[in-house]
Amino acid sequence: MRSMRRSTRVLLGVNAVLLAGLLLTVLPRAVATMQGGGGGGGGIASRPRGQYVMLAGRVLGSNTSGIYIADAVNRELIALRYGSSDQRLEPFGFRDLNADSAAAGRAR
């Protein structure tokens, strides 16, 4: 009987943690939508979930390699390199591919 009560408490605790995790993932998106996010109403800007591709390659003008991460949905590119002194990835470039496409279209 006592182990059954303990099991019930453990299950209730696990369910509470799972519910909290669910609320933490769903609530911010719902609040942003209610505040007019993405509609230009001064709320939190809505941003679609990205679809990412990561590539490794040489960095021009350097003897190190870089990591390039492209977001196909939001059309953005970020470049990172590994800083051996502090052992961290350091961003060193960002491109808005929509702006680049528009500039290329105007240049023709």
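The values are calculated or read from the model by the stated rules, or taken from the named source; none is laboratory data. A quick note: this is a predicted structure, and the numbers were derived from the prediction, not measured. A quick note on method: Cβ atoms are made from the backbone with ideal geometry, for glycine too, and the neighbour counts reach across all protein chains shown.
Working only within the stretch 3-30, note down all residues that are at pLDDT below 75 and either of a type in the set (D, E, K, R) or surrounded by 10 or more Cβ atoms within 10 Å (Cβ to Cβ) (or both).
Leu22, Leu23, Val26, Leu27, Pro28, Arg29, Ala30
If I filter the stretch 75-108 down to residues being of a type in the set (Asp, Glu) and more than 14 Å from Met54 (Cα to Cα), which single residue comes out as farthest from the chain's Cα centre (by Cα)?
Within the stretch 75-108, the subset of a type in the set (Asp, Glu) is 76, 86, 90, 96, 100.
From what's left, more than 14 Å from Met54 (Cα to Cα): 86, 90, 96, 100.
Working: Asp86: 23, Glu90: 16, Asp96: 15, Asp100: 21 Å.
For the stretch 75-108, the residue satisfying everything is Asp86.
Per-residue answers, yes or no, for (1) outside any strand (DSSP E or B); (2) surrounded by 12 or more Cβ atoms within 10 Å (Cβ to Cβ); (3) modelled with pLDDT of 90 or more; (4) not aromatic (Phe, Trp, Tyr):
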site	(1), (2), (3), (4)
Ala56	no, no, yes, yes
Ser62	yes, no, no, yes
Ala70	no, yes, yes, yes
Leu77	no, yes, yes, yes
Tyr82	no, yes, no, no
Asp86	yes, no, no, yes
Phe94	no, no, yes, no
